[in-house]
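Working notes, beginning with the structure itself.
Each value in this text was obtained by applying a stated rule to the coordinates, not by laboratory testing. This is a predicted model, so every value here is computed, not measured. We place every Cβ from the backbone using ideal geometry, glycine too, and count neighbours over all the protein chains shown.
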Amino acid sequence: LHERFFKPANLGSPCPPPMFTRSERFFRDFILTADSYKFNRHLTDELCNKLYQISATQFYFVESSDINDKNVQKLDQENLKLLSKCILTLRVLGKFLGFLIFYPYQAYSTLPDAFIQSSTEARNQCRQDPIDVIRCIHQAHQQHRVVLTIPWIIEYLSWMDPVAPKLDQYKKILKLLVNEYRFVSQKKYNESYNRNHLFITLLLGWLFNNIGSQMELLLTFDNPDTDQIKYSDDSVCGPDDFEVIDEKLLTACCPFLGEITSIFKRYAAPSSGIRKITLLSKIPSITEVKEGLIQLQLEEHFLRYQPPHVKSTVDFISESVFNNIVVKHKSEILPPYIEDASKTMQQW
């Protein structure tokens, strides 16, 4: 129980909310402790500048040596590592940028409705984004860099306050992402579907789930009046033209898969023993405690006047029966359920 308090398991809901890692919490706390408008303003400008710089990173393609490869060019290992590093770095930058922009509005749930309404109208009248997200999405499609751009945009939008999705500027962005989600989902039935598309689908699905009921209207009707995504011709070559997302990056960036992996590691790994914490609802009453103490005293009194091998035999039999029950559940009862769950996930 002591370990559970000081070393909590990394388990949450199937759709975990946006959060900072242990190392990132230090910088988040530093920002909150500094509580300086000047510092936040300069940090926001620097984050936007870094986002533009890293997004413009050039990746060099090499000639493919495989004659059966449909693509004449491909990314070598060095450029693949550079791309993975850029994706992870951009996600962190987008996370802190979203935190800085939306943190002042996170207290809406405790404010009067009249103030929220007036604040919403005022926010609709002025441009709040320090970075043009819609232009970034269009440029990503034209340059075949969607797999590099969408992840940091999702991290940025995941920190939106409850009112932000109702604002006009964010409605346009979300409708554009809904169109992106539908376009990528349709490719699931094509031969060209790969981990890049799964990567984008999982990230967008996580964002939509976290926004919650406010996304229902955007997902239930078409958006013909929204800026449609403009796809470039095949003459442009970019990271989207290759399967650049591996399993490690997929698990590291997708909260869905991160939670599933934590659960599998928690319960699938063999352990030396079974640790159980008594639930509050299962705490015995005073009468049950007294009866248990009496039974324990009777057991100790009985074994005290028996030969030593009797106690060792009783302990051995009790432990063997317990272990046999655990093994039977793991080997016979649990596998069918695990197999059915695996098939369901594969079909999904």
So the FRET efficiency between Thr57 and Thr33, C-beta based with R0 = 45 Å and rounded to 0.05, is 0.85
Lys and Arg at +1, Asp and Glu at -1: neighbours of Cys253 with Cβ under 10 Å from its Cβ sum to +1
In the neighbourhood of Arg28 defined by beta carbon distances under 13 Å, the net charge of the other residues (Lys, Arg +1; Asp, Glu -1) is 0
Leu88 and Ser118 label points (each 7 Å along its Cα→Cβ direction) are spaced in nm at 4.8 nm
Taking 243-255, 290-302 and ranking on average Cβ neighbours within 10 Å, highest first, one gets 243-255, 290-302
Checking rank on 203-212, 45-54, with mean other Cβ inside 10 Å and highest first, the result is 203-212, 45-54
Placing each pseudo-label 7 Å from Cα in the direction of the beta carbon, Glu300 and Ile333 end up separated by a distance in nanometres of 3.2 nm
In the neighbourhood of Phe39 defined by beta carbon distances under 12 Å, the net charge of the other residues (Lys, Arg +1; Asp, Glu -1) is -1
Sorted on mean Cβ neighbours within 10 Å (highest first), peptides 114-120, 87-93 come out as 87-93, 114-120
Between the modelled labels at Phe26 and Phe183 (7 Å from Cα along Cα→Cβ) the distance in nm is 4.0 nm
